[in-house]
Structure formats: structure tokens, C-alpha cells
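Here the structure comes first, spelled out in C-alpha cells, and everything after it is commentary.
The values are calculated or read from the model by the stated rules, or taken from the named source; none is laboratory data. Bear in mind that the values here come from a model prediction, so they are computed numbers and not experimental data. Glycine also receives a Cβ, built like all others from the backbone with ideal geometry; neighbour counts cover every protein chain displayed.
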Amino acid sequence: MEKTIKVPKKASLFSTLKLKAAVFVATLTFAFLSATVSASADESKALSNAGITKKALEGTGTETLFTNLNKVVYLVMAVGGIWAVIWIIIGGMLLSGSGSNAQKRTAGMGAIMVAAVGVYVIYKAYTIAGWALSIGG
């Protein structure tokens, strides 16, 4: 009869790393919370400290809204124009690298045509937005 001796298991590497990570996260959380509590601002003056005044919030009715919509239309046109130029370049690269491959040539022509249609849609979107602005004003 042999006696088996039970040796206590040592902590595995995973459990020690888990413990170290938990202590690290707790320390960071405590440090963050202690730093932000002392840095809290006066809520009553938060809007004025940010530069937002009652006069800036009042506006003149629909003129402020339409001015902002005009800015959004310009932004969409700029992003769409850049996107169309990128796809025209990609279509040109596909077309020039197609060689005798009809599928690549068709893909290049398709990319250029779709980009051209996109530019037309962007132009017409500005016209429609201008029409909508003229209705409200």
C-alpha cells in the first residue's frame, strides 16, 4: 500500500495576473474619481463659461435654422465631391490597369459613371435645398 501525499497547489499564473489586473484597475479608478471630484465646476455658470449666452440661444426664428442648414448642405457637398473624386481616380486606375480584361474595364467605366452620377446628384441636392430654403423664407 502506497500512501499518496497531497501537495497543495500553487496559485496559477492566470489567477495572479487576474489579481494584479484587478488591483491595477481599482487603483486607476480611485485615482480618476479622486481627481474628478475636486475638479467639478460650478453648474450655475457652466453655460456662460462655455460661451453660450441667452442672446446666442435666442436667434431670429427660421433665419438661424436656414443658415445652419445652408452650412450643412455645403458640408455634404464637400464630402460628396471629395468622395466622387476618389472614385473617379479609382475608376481610372481600374480602367488603365484592365489591359485586355473586359471585366476590369467594365468595372472601371462603371466606377467613373457612378461617380459622375453622384456629382450630378450632389449638384441637384444643392438646388433642392435652395428651393426648400426659399419656401421657408
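Tabulated data for the structure shown
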{"read-out": "Check on A116, closer than 26 Å to A132 by Cβ, modelled with pLDDT of 90 or more and surrounded by 13 or more Cβ atoms within 10 Å (Cβ to Cβ)", "value": "yes"}
{"read-out": "Positions within the stretch 86-113 being part of a loop (DSSP other than H, G, I, E, B) and surrounded by 13 or more Cβ atoms within 10 Å (Cβ to Cβ), in sequence order", "value": "S98"}
{"read-out": "Residue check, A56 exposed (fewer than 10 other Cβ atoms within 10 Å of the Cβ) and either assigned to a helix (DSSP H, G or I) or modelled with pLDDT of 90 or more (or both)", "value": "no"}
{"read-out": "Hey, V72 modelled with pLDDT under 85, among the hydrophobic types (A, V, I, L, M, F, W, C) and closer than 30 Å to K124 by Cα or not", "value": "yes"}
